[in-house]
Amino acid sequence: MSEKQRIVIPGDLVSRDPARRGDGTYVRDGSLYASLYGLVNEREKIRVVPLSGKYVPTRRDVVVGFVKEVTFSNWIVDIGSPYEGLLHVSEYPRRIELDEMSAHLGIGEAVLVEVKEVDPMMKVELTMRDRRLRVIRSGRIVEISPSKVPRLIGHGGSMISLIKGASDCSIVVGQNGRVWINGKGCDEGLAAEAIDKIESESHIPGLTDRLGRFFEETKNDADLNESDSNESDSEEEVVVESGEEAGKGNNIIDELLE
Amino acid sequence: MTKPESFITNGIRIDGRKPEEIRPITIEVGVLDRADGSCYIEHGLNKVLAAVYGPREVHPRHMQKPTTAIVRFRYNMASFSVEERKRPGPDRRSVEVSKVSREALEPVIFTEYFPKSSIDVFVEVLQADAGTRTVGINAASVALADAGIPMRGLVSACAVGKVDGELVLDLMKEEDNYGEADMPLAMTQTGEITLLQMDGNLTPEEFEKAIEMAQEGCKRIYEIQRNALIERYKRDIETEEEPLETPEEEPVEVETVVENEAEEETSEEVESE
């Protein structure tokens, strides 16, 4: 992580070789230029990793959404993007009657869904037909900038497993930057704090080391006031409807890591 | 404000600049937390704030385009931005400035990446001192980059004018009010001109020269815009790296030295004032 990161702005020359074109770049006059404000990532392809920006859905993304509206046969889901998601009744894990849609999934409820299809008109179809997808009824959801999602997961999932290990939570990172933290008797607050830290410092090198130190410090603090830990247990408001499935949370993340 | 006796004496303008010199510019990026991208510019006595939202859903719905994003630009002058209180709200002038500014920025934005969405730019002039549309474009272009919107490059804008029969770059209030011509120009970093307006009179020769001067001004402004964007994150990266590399005790000494220097500097300033 100690390698010097180069910041570019739109219009900066990144390479003379247009064949290495990656995300966040464009070709003009046979050369490669940045189209985004961000950090250059030179591998086989040259990408510009943006420092900010909106989430644009792509097929097979797992995202956390909020139900905005219930129509005749669809739920309209806010997926934190310029485009709303459509979840058809037939994509719900089990068969439900049209007039019972609100009872199963009402306005304002959170769902973990997968993007099934995005057409060129940006009609986004969602699905819940996978055992890792579900209605979110416990834990908490924190939001980060979608451009920071790769950093939060880390190389091969290193960053997210660090947080999971320290907080004992199951964490699901939606590609749209919404993160679901869940788990019985786990330290949700610590996980949320760590995620916040990653969001605000992701562009600064040495993030993993700093996070490791952060966890050590908080752990020392926690050891000092151990008596507090009992109270936090009672504060847990785990509404267990899908309680028996809670353990599966861990599998989800591993699958998300590609 | 009254008309000055002469605008240029011994090749120096009334605010101490040379004819081809721009006013001092400071740019701050990401000043607004609620907007997706933002920028605050002080350009001479101009103070301009730009905010960018989007890409986001289009309201009203009928404005959306099926294949591209639409760009909306609102230029607004605060009622306290000028000497005589300005009646708040849109007027003929601000509608025109909004339109030409939008058209100055649209060519560099990859609108085709975000069909059916809108990119909304808001420019608020807090204090005006001539050339606010160019400052607004400069601010908006930096704010767009800050919002993470894909662009071909930045847009920079600068005005040229004529006072006392001589061409001058980046007019200030007196020169604008009592001068003979004012010509704002915006261009992309590759040199394409995306905005060109003029009021007053220039001969064809003067016009050619004026365009060259404005382009030169735009290039200088581009460098300032670029620096502002780079510096915003570079500072973080460099300050955070140091403690990792240097042993723990040494930086303490360095810090105290820096503090002393800072104290000396401030005391000197007080004396000189």
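The values are calculated or read from the model by the stated rules, or taken from the named source; none is laboratory data. Note that the coordinates shown come from a computational prediction; the quantities given were computed from them, not determined experimentally. Please note: Cβ atoms are built from the backbone with ideal geometry, for glycine as well, and neighbour counts cover all protein chains shown. Surface accessibility is based on the protein's heavy atoms, side chains included, excluding ligands, DNA and RNA. Shrake-Rupley method; radii C 1.70, N 1.55, O 1.52, S 1.80 Å.
Listing for the model above:
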read-out: Zone of B:Lys234's modelled label, taken as backbone nitrogen in region A:39-58 under 18 Å from a point 7 Å along Cα→Cβ; value: A:39-41, A:51
read-out: For chain B, size of Cβ-based charge dipole, Lys and Arg +1, Asp and Glu -1, in debye; value: 2880 debye
read-out: For region A:43-50, Karplus couplings with θ = phi - 60° (6.51, -1.76, 1.60), whole Hz, Gly/Pro x; value: 10, 4, 9, 9, 10, 10, 8, x
read-out: Accessible-area composition of the protein assembly as shown, carbon plus sulfur, in percent [1.4 Å probe]; value: 48 percent
read-out: Length released on extending from B:Asp164 to B:Val31, taking residue separation times 0.36 nm less the Cα-Cα span; value: 43.9 nm
read-out: Exercise: per-residue mean of other protein chain Cβ atoms within 10 Å, A:44-50; value: 1
read-out: Cut-off under 5 Å, modelled amide H: who pairs with B:Ser117 long-range; value: B:Lys65, B:Ala69, B:Ile70
read-out: Residues in region B:78-116 that, when all protein chains are in place, have 20 Å² or more less accessible area than the chain alone would give (probe 1.4 Å); value: B:Phe110, B:Tyr113, B:Phe114, B:Pro115, B:Lys116
read-out: Under the span-like rule (Cα at least 15 Å along the axis, Kyte-Doolittle mean at least -1.0), DSSP H helices of chain B; value: B:92-105, B:132-146
read-out: Protection proxy ranking of A:54-66, B:137-149 - average other beta-carbon atoms within 10 Å, highest first; value: B:137-149, A:54-66
read-out: Cα→Cβ-extended label distance, 7 Å offset, between B:Gln64 and B:Leu196, nm; value: 3.8 nm
read-out: Distant-in-sequence amide H partners of A:His88 (H built 1.01 Å from N, under 5 Å); value: A:Trp75, A:Leu126
read-out: Gyration tensor (alpha-carbon) shape descriptor, region A:62-136, a/c threshold 1.5; value: rounded
read-out: Between A and B, accessible area buried - total, square angstrom, nearest 100, 1.4 angstrom probe; value: 3000 Å²
read-out: Three-way shape label, region B:16-261, alpha-carbon gyration tensor, a/c 1.5; value: oblate
read-out: Straight-distance crosslink candidates among lysines, where the alpha carbon sits under 26 Å from A:Lys197 and sequence neighbours closer than 8 are dropped; value: A:Lys4, A:Lys54, A:Lys148, A:Lys164, A:Lys184, A:Lys219, B:Lys234
read-out: Equivalent ellipsoid dimensions for the protein assembly as shown as semi-axes, Å, which come from the Cα gyration tensor, largest first; value: 48, 31, 21
read-out: Cα gyration tensor, region A:1-159 - rounded (a/c under 1.5), prolate or oblate; value: prolate
read-out: Simple label model, 7 Å out from Cα along Cβ direction - A:Thr71 to A:Asp209, nm; value: 5.3 nm
read-out: Solvent-accessible heavy-atom area per residue, rounded to whole Å², over the protein assembly as shown at 1.4 Å; value: 51 Å²
read-out: Long-range HN-HN contacts of B:Leu185 with modeled amide H, under 5 Å; value: B:Cys158, B:Ala159, B:Val160
read-out: Separation in nanometres of the label points that stand 7 Å from Cα toward Cβ, at B:Asn227 and A:Arg28; value: 2.2 nm
read-out: Stretch gain in nm, segment A:Leu162-A:His104, where the contour uses 0.36 nm per residue and the Cα spacing is subtracted; value: 17.4 nm
read-out: Karplus-derived HN-Hα couplings along region B:40-53 (A = 6.51, B = -1.76, C = 1.60, θ = phi - 60°), whole Hz, x at Gly and Pro; value: 10, 10, 10, 10, x, 8, 6, 10, 9, 10, 10, 10, 10, 10
read-out: Under the Karplus curve 6.51 cos²θ - 1.76 cosθ + 1.60, θ = phi - 60°, whole-Hz ³J(HN,Hα) for region B:108-122, x wherever Gly or Pro sits; value: 8, 8, 7, 5, 5, 6, 10, x, 6, 10, 10, 10, 10, 10, 10
read-out: Protein-protein interface of region A:6-33, residues with accessible area decrease of at least 50 Å², isolated chain reference, 1.4 Å probe; value: A:Ile7, A:Ile9, A:Pro10, A:Tyr26
read-out: Contact order normalised by residue count of chain B, Cα under 8 Å, 6+ apart, percent; value: 18 percent
read-out: Rounded FRET efficiency, nearest 0.05, which uses the C-beta distance separating A:Met121 from B:Phe110 and R0 of 22 Å; value: 0.80
